[in-house]
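First up is the structure itself, then whatever we jot down about it.
The values are calculated or read from the model by the stated rules, or taken from the named source; none is laboratory data. Keep in mind that this is a model prediction, so the values were computed, not measured. FYI the Cβ positions are ideal-geometry reconstructions off the backbone, even for glycines, and counts take in every protein chain you see.
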Amino acid sequence: MAHKIIWLPQAEMDFAETLQYLMENFGQSVSIRFKDKVEKQLDIISNNPKINPIYFWKRNIRRSVVVKQIS
C-alpha cells in the first residue's frame, strides 16, 4: 500500500526554486532529470516509508538525499 507524502509549504517552495535555479544555470534537461529523480525517490518512499534513516527522531522524520550536490 502506497503512503501519502505530505510536502510542507517551505519544501514545495524550495523544490520550485531549485528547479528554477537548475533551469537558469544548467538548462531544461538537467532540471527535468532532477525532477524525475525526485519523483522516482518519492515513489520509492511512498512504498517503503522506512527505507531512509531517521533525521529527527522525536517526530520520526526521515531524510532522503536525491542528489548529493543538492541537499
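Criterion first (in a helix (DSSP H, G or I), at pLDDT 95 or above and either of a type in the set (Asp, Glu) or surrounded by 13 or more Cβ atoms within 10 Å (Cβ to Cβ) (or both)) does Leu22 satisfy it?
The answer is yes for Leu22.
Within the range 32-59, how many residues are in a strand (DSSP E or B) and loosely packed, with under 11 Cβ neighbours inside 10 Å?
Counting residues in the range 32-59 that are in a strand (DSSP E or B) and loosely packed, with under 11 Cβ neighbours inside 10 Å gives 1.
Quick one: Ser29 ticks every box in (1) over 15 Å from the mean Cα position of the chain (by Cα); (2) in a loop (DSSP other than H, G, I, E, B) except a single one, so which number is it?
Failed condition: (2).
Restricting the first residue to the range 56-70 and requiring it to be small (Gly, Ala, Ser), which pairs with a second residue that is surrounded by 10 or more Cβ atoms within 10 Å (Cβ to Cβ) meet a Cβ separation below 8 Å and a spacing of at least six or different chains?
Matching pairs, first to second residue: Ser64/Gln41; Ser64/Ile45; Ser64/Ile51; Ser64/Asn52.
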